[in-house]
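Undergrad: Take a look at the following structure, please.
Computed from the coordinates by the stated procedures, all read-outs in this text should not be read as laboratory data. Computed from a prediction, not measured in an experiment: that's the story for all the values here. Here Cβ is always computed from backbone atoms with ideal geometry, including for glycine, and neighbour counts include all displayed protein chains.
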Amino acid sequence: MSARTRHRLMMAVVWAFLLFLFLPVLVVIPVSVTDKTYLSLPADGISFAHYASLVDPARDWVPSFRNSVLAAFATAIIATAIAAAFAVGAWIRAGWWPSSVRLLMLSPLIVPPIIYAVGVVRVLSKMSMLDTFWGVLVVHVVLSLPMAFLAIAASLSNLDNRMVTAARSLGARPMTIFGRVILPNIAPGLAAGAFLAFITSWDEITVTLFITARHFVTLPRRIYTSITDSIDPALAAIASVLLIATMAVLIAQSLFSGRHKRAGSPK
Amino acid sequence: MSSRFERFALYLTVPAGLLVILLYALPILQVLALSVTEGSGALANYERLFTSRAVARVVQTTLVVSISTTLITMVIAYVIAFGMIHMDHRQRKLALLMVSIPFWVSVLVRAFAWITILRSQGVLNSGLMSIGAITEPIQLVYNRVGVTIGMVHYMVPFAVLLLYANLTDIDRRVVQAARSLGARPMTVFLRVWLPMSVPGIAVTTIFILVFSLGFLITPALLGGGRTLMIAEYISVQISNTGRWDLATALSAALLIAVGMLLALVFRSPAMRAAFGGSSK
């Protein structure tokens with residue numbers, strides 16, 4: 001076997017594995033336009049009836065969608081504010097306290113969420129916050145802090161601290177330095193942090209499964225119940241909406257970053 | 001003496017500190033505390049983990065599924081990551097997109113897609129039956145096979161991104177040196193690439209294993225109640241039977257197992273180097 005054949009063979013295997021990652025998720029799109037009332041590929045033509053059923057008031061997809069948007073927006077704002085304050089504080093002043101808090105804050109990235117779920121369900125039940133907006137909000141904020149913090153800290157690490165020194169020596173007050181010098185310079189990090197916090201809350205299911213029941217149902221919770229109760233093509237419709245939205249964002253980002261790089265390349 | 005500015009910095013860290021202590025650390029400590037106070041006490045709770053046949057079966061399923069998931073994931077992910085560093089710019093961009101889309105798509109959408117494909121009236125079985133390859137549907141979901149397929153599909157994007165970052169850090173001049181000294185491609189792979197990616201492989205393997213051991217959603221949906229793993233078993237103990245003693249003891253045991261695996265990551269010098277940490 002020549003080197004070239006071997007290289008081609010390896011690349012064929014690589015693309016086959018990539019297709020294994022990419023193709024299966026696409027199956028929800030044809031299934032969502034099936035003309036049947038059960039989960040199947042379209043047989044005699046396509047139908048958008050299952051998309052229409054998503055907005056049917058009797059099917060309560062809309063309230064869960066609204067709850068998720070609400071929780072994700074509130075989480076993004078609060079988590080970004082708390083993570084930004086902490087990141088800046090820890091950036092200025094190192095020590096045992098900021099590093100311990102950082103370790104705890106990043107734990108949800110690795111510690112299995114099931115363990116946190118078991119603990120937090122008891123805590124929220126003592127505070128009568130189970131199955132409420134506020135209960136979901138505090139849990140989502142805790143779970144979103146790591147990603148928000150990492151995005152903001154990455155942005156801060158590019159900040160020249162001589163700017164802060166200059167502002168201090170010119171007599172700026174701490175609040176002025178924070179608001180007028182540091183924050184404007186880490187705006188991209190804040191935006192990325194808020195976006196990641198939004199997505200974390202929007203997608204969260206493991207812990208939400210334990211702390212919600214009937215009153216405050218998020219979209220993932222609604223989807224989970226629907227998959228375990230009765231699989232129907234409306235699920236394929238909502239899955240397609242989520243999939244297409246994700247793909248649109250990622251493809252746009254991929255195209256944009258390409259243009260950006262080309263524009264910045266040497267002439 | 002701290003200046004006014006440094007005091008201000010300290011105040012900024014307080015909200016985050018209070019939040020993670022009160023609403024993250026305390027709930028987890030609560031799990032540990034309940035595991036020794038609930039039911040008939042610590043000894044009985046933890047003894048049951050070793051004597052109950054139901055727990056033994058769940059632990060065995062969890063280990064078998066998690067270890068096979070990790071091994072299959074690592075092979076697929078290493079091949080993809082290794083392929084990606086040998087692609088040109090355009091191809092790599094496409095490959096990265098094909099990894100990122102499943103990475104960012106909701107875990108529920110992915111589990112649902114696999115149910116659609118694998119169940120007995122699903123896309124795969126009806127396709128195979130219509131071309132006459134099989135006469136009876138094959139049982140591909142609601143068992144260990146289905147759970148493993150779904151979990152591998154969930155884990156591979158993570159592993160690819162971790163391994164790819166590690167492989168791009170490898171000094172390509174070593175590879176060129178080996179080639180110019182006449183090493184054959186297989187030798188270059190076995191004696192240069194593979195040894196140099198050991199730290200990345202080790203760290204990724206442990207992360208994937210940790211994620212697998214505590215995974216709830218995909219095993220619960222693709223296992224359909226028939227293939228029970230630890231996380232789902234804990235969830236059943238709480239929601240259906242109210243057995244907090246068993247649920248918290250199992251959670252504590254899972255936390256300890258995960259803690260020990262992660263200690264491995266942070267102890268070993270090779271792995272610390274892979275994290276870009278200390279020089280030793």
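Undergrad: Cut-off 15 Å, label point 7 angstrom out along Cα-to-Cβ of B:ALA33: give me the residues of segment A:126-160 whose amide nitrogen falls inside.
TA: Counting only backbone N, you get A:126-127.
Undergrad: Taking Cα atoms of segment B:151-230, Rg/Rh with Kirkwood Rh, to two decimals?
TA: That ratio is 1.19, to two decimals.
Undergrad: Considering only A:ALA151, A:ILE251, A:LEU26, whose Cα is most displaced toward the positive end of the charge dipole of chain A, charges sitting on Cβ of Lys, Arg (+1) and Asp, Glu (-1)?
TA: A:ALA151
Undergrad: A further question on this structure: In angstroms, what radius of gyration and Dmax does segment A:155-222 have, counting Cα atoms only?
TA: Both quantities, over Cα of segment A:155-222: 19.3, 57 Å.
Undergrad: Please pull out the direction-averaged projected area of segment B:1-120, using the convex hull of its alpha-carbon atoms, in nm² to one decimal place.
TA: Working: hull surface 65.0 nm².
Mean shadow area of the hull around the Cα atoms is 16.3 nm².
Undergrad: Another question about this same structure. Under the rule of -39500 (n - 2.57) per DSSP H run of 4 or more residues, summed and divided by the residues of chain B, what mean residue ellipticity at 222 nm is obtained, to the nearest 500 deg cm²/dmol? Write out the running numbers ahead of the final one.
TA: Details: 15 runs with 209 residues, N = 280.
For chain B, the value works out to -24000 deg cm²/dmol.
Undergrad: While we're on this one: On a 0 to 90 degree scale, rounded to 10, what angle separates helix A:96-106 from the longest Cα axis of chain A?
TA: The angle comes out at about 10 degrees.
Undergrad: Order these by the 10 Å Cβ neighbour count, fewest first: A:MET105, A:MET163, B:MET74.
TA: Exposure proxy ranking, most exposed first: A:MET163, B:MET74, A:MET105.
Undergrad: Now for a separate question. Using a/c under 1.5 as the rounded threshold, could you call segment B:50-166 rounded, prolate or oblate? The axes a ≥ b ≥ c are square roots of the C-alpha gyration tensor eigenvalues, and prolate needs a/b larger than b/c, oblate otherwise.
TA: Oblate is the answer for segment B:50-166, as a/c is 1.5 or above yet b/c matches or exceeds a/b.
Undergrad: Please report the projected area of segment A:186-234's Cα convex hull averaged over all directions, in nm².
TA: About 4.7 nm², averaged over all directions.
Undergrad: To the nearest 10 degrees, how steeply does helix A:133-156 sit against the main Cα axis of chain A, on a 0 to 90 scale?
TA: 60
Undergrad: For segment A:47-196, with equal point scatterers placed on the C-alpha atoms only and solvent neglected, what are the log10 I(q)/I(0) values from the Debye formula at q = 0.09, 0.10, 0.14 1/Å, to two decimals?
TA: -0.41, -0.49, -0.81
Undergrad: Counting partner chain Cβ atoms within 10 Å of every residue's Cβ in A:83-91, what's the average?
TA: Counting other chains' Cβ atoms within 10 Å and averaging over A:83-91 gives 5.
Undergrad: Once you average over the residues of B:158-167, how many Cβ atoms of partner chains fall within 10 Å of each Cβ?
TA: What the average comes to for B:158-167 is 0.
Undergrad: If we restrict to alpha carbons, what Rg and Dmax does segment A:108-161 come to, in Å?
TA: So, for segment A:108-161, Rg and Dmax equal 14.9, 46 Å respectively.
Undergrad: Additional query: Rank the residues B:TYR11, B:TYR164 as a footprinting-exposure proxy: fewest other Cβ atoms within 10 Å of their Cβ go first.
TA: Ascending number of Cβ neighbours within 10 Å: B:TYR11, B:TYR164.
Undergrad: Rg/Rh for segment B:30-99 to two decimals, with Rh computed the Kirkwood way over all alpha-carbon pairs.
TA: 1.37
Undergrad: With a ≥ b ≥ c taken as the square roots of the eigenvalues of the C-alpha gyration tensor of the protein assembly as shown, please select rounded if a/c is under 1.5 and otherwise prolate if a/b is larger than b/c or oblate if it is not? Before the final figure, lay out the partial values.
TA: On the way: a/c = 1.37, a/b = 1.10, b/c = 1.25.
It is rounded, given that a/c, with a ≥ b ≥ c, falls under 1.5.
Undergrad: May I pose another question? Over chain B, what is the relative contact order in whole percent, taking alpha-carbon pairs under 8 Å and six or more residues apart?
TA: Numbers: 276 pairs, mean separation 76.0, N = 280.
Averaging sequence separation for qualifying contacts and normalising by length gives 27 percent for chain B.
Undergrad: Still on this model: So what's segment A:1-132 giving for Cα Rg divided by 2.2 N^0.38 Å, two decimals? If you can, show how the numbers build up before the last one.
TA: On the way: Rg = 24.5 Å, N = 132, 2.2 N^0.38 = 14.1 Å.
Taking N as the residue count of segment A:1-132, the ratio is 1.74.
Undergrad: Given the DSSP H assignment, sum -39500 (n - 2.57) over each helix run of at least 4 residues in chain A and divide by its residue total; what's the result at 222 nm in deg cm²/dmol, nearest 500?
TA: -23500 deg cm²/dmol
Undergrad: May I pose another question? Among A:171-178, A:97-104, A:143-150, how do they line up from the highest to the lowest mean number of other beta-carbon atoms within 10 Å? Show your work: numbers first, answer last.
TA: Working: A:171-178: 15.4, A:97-104: 17.1, A:143-150: 25.8.
Per-residue Cβ counts within 10 Å, averaged per peptide and sorted highest first, yield A:143-150, A:97-104, A:171-178.
Undergrad: Further question: Dividing the convex hull volume of the alpha carbon atoms of segment B:92-240 by its residue count, what do you get in Å³ per residue?
TA: 160
Undergrad: Take the alpha carbon atoms of segment B:97-151, find their radius of gyration, then divide it by 2.2 N^0.38 Å using N residues; give the quotient.
TA: 1.27
Undergrad: Mean separation of Cα pairs under 8 Å and 6+ residues apart, divided by the residue count of segment B:95-193: what relative contact order is that in percent?
TA: On the way: 55 pairs, mean separation 21.8, N = 99.
Result for segment B:95-193 is 22 percent.
Undergrad: Across 10 Å bins from 0, what is the distribution of all Cα-Cα pair distances for segment A:139-267, in whole percents?
TA: Percent of Cα pairs in each bin: 11, 24, 28, 20, 12, 5, 1.
Undergrad: Can you give me the span-like helices of chain B, meaning DSSP H runs with 15 Å or more of Cα extent along the axis and Kyte-Doolittle mean at or above 1.6?
TA: The answer, listed by residue number, is B:26-37, B:53-85, B:107-118, B:198-213, B:244-267.
Undergrad: How shielded is A:118-128 by partner chains, expressed as the average number of their Cβ atoms within 10 Å of its Cβ atoms?
TA: Mean partner-chain Cβ count within 10 Å for A:118-128: 6.
Undergrad: Right, another one. In vacuo Debye scattering of chain A, one point per C-alpha: log10 I(q)/I(0) at q = 0.11, 0.14, 0.16 Å⁻¹?
TA: Results for chain A at q = 0.11, 0.14, 0.16 Å⁻¹ read -0.84, -1.12, -1.25.
Undergrad: Same structure, new question: What is the pair-distance distribution P(r) of chain B, computed from all Cα-Cα distances in 10 Å bins starting at 0, with each bin given as a whole percent?
TA: 6, 20, 26, 24, 16, 7, 1, 0, 0
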